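A.B. asks: Let me begin by handing over the structure; questions about it come next.
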Amino acid sequence: MWEDLKVLHRQNRDRHLIDLFAQDPDRAETYSIDGADLRLDLSKTQIDAPVLAALTALCDVSGLAARRAAMFSGEKINETEGRAVLHTALRRSDDSRVLVDGADVMPAVRETLDRMAAFAEAVRSGRLGGVGGSITDVVSIGIGGSDLGPVMATLALAPYSDGPRLHYVSNVDSAHIADTLKSLDPTRTLINVASKTFTTVETMTNARTARDWMVAGGGDPARQFSAISTALDLAAEFGIPADHVFGFSDWVGGRFSLWGPIGLPVMLAVGAGNFRAMLAGGEAMDRHFQTAPWARNLPVLLALVGLWHSHVCGYPSRAVLPYEQRLARLPAYLQQLEMESNGKSVAMDGSDVDGPTGAIVWGEPGTNGQHAFFQLLHQGTAVVPCEFIVGARGHEADLADHHRLLVANCLAQSQALMTGRGLEEARAKAAAAGFTGAELERQARHRVFPGNRPSVTLVYPQLTPAVLGQIVALYEHRVFAEGVILGINSFDQFGVELGKEIATSLGPLLAEGGSTAALDGSTAALIGYLREHGCCVV
Ligand SMILES: O=P(O)(O)OC[C@H]1O[C@H](O)[C@H](O)[C@@H](O)[C@@H]1O
């Protein structure tokens, strides 16, 4: 399969994207695919009918349809951890049953969502306040999957936010919590501790610091703390009252957990109605993913085009470029989703993976990135496939001229990457700048854009809660489809463990001193420097 694709790639190596449009006047239409409220334009890639046929064959060979059915129905497809993968159950609105170990998980999902809504409403209305009055600020403490989704979604839905101000603390660096709490009133702040395991050292350290801050400032942790976790016993042990604790199950992966209680801070900001609209958006994408044929299936197509670029063309990274300032944290969110899920070297069966896995994902919002790293995208030696994301409308109707400029820039960049600028045109530019003779030739070379650089563009009417839900679910299913095709388990993350274990053993060396002789030379020398400069307390 991969060999067939590599042959197609070799055959078309010098083919220019622009020529594809010249050869096929319907190309844009053929390769613009709709799903829910989204449209994905793949036409500025080297995908054509033979490539698409060979790519979709990968779906059949890998058993994607059966694996997809297994995921939605609650089978334990996370085989290395023996867990079901059911984040889709969190956004399921029909009255069907979803069985895990013979028990229907849906009643608890619905009950928890209703409890979250009641809690959010009580806080937002001021009925549930702090010692000093109604809650003005919420600080949600969590990291990784317990942070990135809510952070991303809170910013994305800012126009819908009419609740308390939201703050997020993730880093164990004291700067993060100190800078956040500095301006807040401990008697009118709600601290939300979000941790699937309730053992993550960063989160628990920050939670204890926040509790001390609240007590010292006259607030009441028994009233002003909430917790989200699968470990209800640990949340209780921490002293958080049961009616402020929202549980979920191990069949929700951390990086897929935005849809359930981990999303509580988002609900506090935008209200239960908007939160449910986001869930409905995710569910609409679930239906699309489950029913659309491979060649019209947005998550599958995103997966296939990504694999084409990484596996076949050999481009190791991909840039995610939202032309939507409120999606500024989407690249960071997708870094975890994609790289923690699919950055694996071993296949589900324990054998070595053949070829690259998980693309390196990076990006920044446009237009800002244009004034920073786009130089490399246009003229660097590495080809970086780009994913442009843009809505037809912003939320500031009185500033529509800004939005039109934003959209013009988005379209201009993908066009420039594709068309490039040849030497003749570059010469004309250099001549217009006043250069002549040999200097003109030299200057012209610097003004050439190679072009033929691939990109996809995701467009939607407006970044509403429903559209956000669709976008997030689109990327979730993309990652899943990539993982199935690569034969890996996208739902474990053993690769994060080793560093955590070593940090645990190094901690005492920094806190209490002690010999570093057993460490490698570099680490020992670095500790020596840090001790000399005041890191160690002894
Ligand atoms: O939610 P928690 O249990 O605190 O975990 C927070 C995060 O830390 C871990 O190291 C994992 O890499 C992430 O997948 C997880 O989301």
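The values are calculated or read from the model by the stated rules, or taken from the named source; none is laboratory data. All figures in this text were calculated on a predicted structure; none of them were measured in a lab. We place every Cβ from the backbone using ideal geometry, glycine too, and count neighbours over all the protein chains shown.
A.B. asks: Might you check whether a residue that is touching a Leu at 6+ places or on another chain (Cβ under 8 Å), within 27 Å of R83 (Cα to Cα) and either within 16 Å of the ligand (Cβ to nearest atom) or hydroxyl-bearing (S, T, Y) (or both) occurs anywhere in segment 234-244?
C.D. replies: Scanning segment 234-244 turns up no residue that is touching a Leu at 6+ places or on another chain (Cβ under 8 Å), within 27 Å of R83 (Cα to Cα) and either within 16 Å of the ligand (Cβ to nearest atom) or hydroxyl-bearing (S, T, Y) (or both).
A.B. asks: Being within 16 Å of the ligand (Cβ to nearest atom), among the small types (G, A, S) and within 20 Å of F275 (Cβ to Cβ) is the requirement here; does G163 meet it?
C.D. replies: On the way: within 16 Å of the ligand (Cβ to nearest atom): no; among the small types (G, A, S): yes; within 20 Å of F275 (Cβ to Cβ): yes.
No.
A.B. asks: In segment 489-538, how many residues are in contact with an Asp or Glu (Cβ under 9 Å, 6 or more places away or on another chain), more than 30 Å from E75 (Cα to Cα) and loosely packed, with under 12 Cβ neighbours inside 10 Å?
C.D. replies: So the answer is 2.
A.B. asks: Right, something else. Can you tell me which residue within segment 352-383, out of those that are within 17 Å of L411 (Cα to Cα) and either charged (D, E, K, R) or touching a residue at least 60 places away in the same chain (Cβ under 8 Å) (or both), is surrounded by the most Cβ atoms within 10 Å (Cβ to Cβ)?
C.D. replies: Only one residue fits best here, namely L377.
A.B. asks: Just one of S226, S170 is within 13 Å of the ligand (Cβ to nearest atom) and of a type outside the set (F, W, Y); which is it?
C.D. replies: Step by step, each of S226, S170 is checked, and only S170 is within 13 Å of the ligand (Cβ to nearest atom) and of a type outside the set (F, W, Y).
Condition check ((1) farther than 30 Å from A222 by Cβ; (2) touching a Lys or Arg at 6+ places or on another chain (Cβ under 7 Å); (3) not hydrophobic (A, V, I, L, M, F, W, C)) across all residues:
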{"residue": "P50", "(1), (2), (3)": "yes, no, yes"}
{"residue": "L58", "(1), (2), (3)": "yes, no, no"}
{"residue": "A65", "(1), (2), (3)": "yes, no, no"}
{"residue": "R83", "(1), (2), (3)": "yes, yes, yes"}
{"residue": "H87", "(1), (2), (3)": "yes, no, yes"}
{"residue": "R97", "(1), (2), (3)": "yes, no, yes"}
{"residue": "F119", "(1), (2), (3)": "no, no, no"}
{"residue": "G126", "(1), (2), (3)": "no, no, yes"}
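A.B. asks: Let me ask something else. Can you pull out every residue in segment 26-41 that is touching a residue at least 12 places away in the same chain (Cβ under 8 Å) and either in a helix (DSSP H, G or I) or assigned by TED's automatic domain parsing to the domain that holds R478 (or both)?
C.D. replies: R27, A28, T30
A.B. asks: Assuming R10 fulfils every condition listed in (1) part of a helix (DSSP H, G or I); (2) surrounded by 13 or more Cβ atoms within 10 Å (Cβ to Cβ) apart from one, which condition is it?
C.D. replies: (2)
A.B. asks: Out of L330, L304, L321, L298, I need the residue that is at pLDDT 95 or above, farther than 30 Å from N12 by Cα and either more than 16 Å from the ligand (Cβ to nearest atom) or buried (at least 23 other Cβ atoms within 10 Å of the Cβ) (or both). Which one?
C.D. replies: L330
A.B. asks: Hey, among L510, L519, L526, which residue is away from the ligand (no atom under 16 Å from the Cβ), more than 30 Å from P293 (Cβ to Cβ) and modelled with pLDDT under 95? Before you say what the answer is, go through the steps one by one.
C.D. replies: Numbers: L519 fails: modelled with pLDDT under 95; L526 fails: modelled with pLDDT under 95.
When all the criteria are applied, what remains is L510.
A.B. asks: To continue, here is another question. I need the full set of residues from segment 320-356 which are in a loop (DSSP other than H, G, I, E, B) and under 17 Å from the mean Cα position of the chain (by Cα), in order please.
C.D. replies: So the first thing to find is which residues in segment 320-356 are in a loop (DSSP other than H, G, I, E, B), and the list is 324, 328-329, 343-345, 347-351, 353-356.
If the condition is that a residue be in a loop (DSSP other than H, G, I, E, B) and under 17 Å from the mean Cα position of the chain (by Cα), then E324, A328, R329, G343 are the ones that fit.
A.B. asks: When you look at V346, is it more than 14 Å from the ligand (Cβ to nearest atom) and buried (at least 21 other Cβ atoms within 10 Å of the Cβ), yes or no? Talk me through it step by step, then tell me what you get.
C.D. replies: Numbers: more than 14 Å from the ligand (Cβ to nearest atom): yes; buried (at least 21 other Cβ atoms within 10 Å of the Cβ): no.
So V346 does not fit the description; no.
A.B. asks: Any chance segment 275-295 includes a residue that's under 30 Å from A57 (Cβ atoms), in contact (Cβ under 8 Å) with a residue 12 or more places away in the chain, within 16 Å of the ligand (Cβ to nearest atom) and not aliphatic (A, V, I, L, M)?
C.D. replies: No, every residue in segment 275-295 fails to be under 30 Å from A57 (Cβ atoms), in contact (Cβ under 8 Å) with a residue 12 or more places away in the chain, within 16 Å of the ligand (Cβ to nearest atom) and not aliphatic (A, V, I, L, M).
A.B. asks: Checking the structure you have, find out if any residue of segment 459-472 is over 22 Å from M285 (Cβ atoms) and assigned by TED's automatic domain parsing to the domain that holds G343. Steps first, answer last, please.
C.D. replies: The initial filter retains those residues of segment 459-472 that are over 22 Å from M285 (Cβ atoms), namely none.
Within segment 459-472, none of the residues are over 22 Å from M285 (Cβ atoms) and assigned by TED's automatic domain parsing to the domain that holds G343.
A.B. asks: Name every residue in segment 487-538 that is among the acidic types (D, E) and touching a residue at least 60 places away in the same chain (Cβ under 8 Å), in order of residue number. Walk me through it before giving the result.
C.D. replies: Start the filter on segment 487-538 by keeping residues that are among the acidic types (D, E), which leaves 492, 497, 501, 512, 520, 532.
Passing the criteria: only D492.
A.B. asks: With the requirement that a residue be away from the ligand (no atom under 16 Å from the Cβ) and crowded, with 24+ Cβ neighbours inside 10 Å, what does segment 181-222 give you?
C.D. replies: Once the filter is applied, which keeps residues that are away from the ligand (no atom under 16 Å from the Cβ) and crowded, with 24+ Cβ neighbours inside 10 Å, segment 181-222 yields T189, L190, M214, G219.
A.B. asks: Among the residues of segment 256-263, is there at least one that is more than 12 Å from the ligand (Cβ to nearest atom), more than 25 Å from R110 (Cα to Cα) and in contact with a helix residue (DSSP H, G or I) (Cβ under 7 Å, 6 or more places away or on another chain)?
C.D. replies: Checking segment 256-263: not a single residue is more than 12 Å from the ligand (Cβ to nearest atom), more than 25 Å from R110 (Cα to Cα) and in contact with a helix residue (DSSP H, G or I) (Cβ under 7 Å, 6 or more places away or on another chain).
A.B. asks: Only one of these is over 29 Å from D14 (Cα atoms) and out of contact with any helix residue (DSSP H, G or I) (no Cβ under 8 Å at 6 or more places or on another chain): G422, G437. Name it.
C.D. replies: On the way: G422 fails: over 29 Å from D14 (Cα atoms).
Selected residue: G437, the only one of G422, G437 that is over 29 Å from D14 (Cα atoms) and out of contact with any helix residue (DSSP H, G or I) (no Cβ under 8 Å at 6 or more places or on another chain).
A.B. asks: Out of all the residues in segment 392-414, which are surrounded by 12 or more Cβ atoms within 10 Å (Cβ to Cβ) and in contact (Cβ under 8 Å) with a residue 60 or more places away in the chain?
C.D. replies: Of everything in segment 392-414, those that are surrounded by 12 or more Cβ atoms within 10 Å (Cβ to Cβ) and in contact (Cβ under 8 Å) with a residue 60 or more places away in the chain turn out to be R393, G394, H395, L406, V407, N409, C410, Q413, S414.
A.B. asks: May I ask you to list the residues in segment 386-420 that are touching a Cys at 6+ places or on another chain (Cβ under 8 Å) and not in a helix (DSSP H, G or I)? Step through it out loud before you land on a result.
C.D. replies: Taking segment 386-420 as the starting set, the residues that turn out to be touching a Cys at 6+ places or on another chain (Cβ under 8 Å) are 388, 390, 413-414, 417.
Of everything in segment 386-420, those that are touching a Cys at 6+ places or on another chain (Cβ under 8 Å) and not in a helix (DSSP H, G or I) turn out to be F388, V390.
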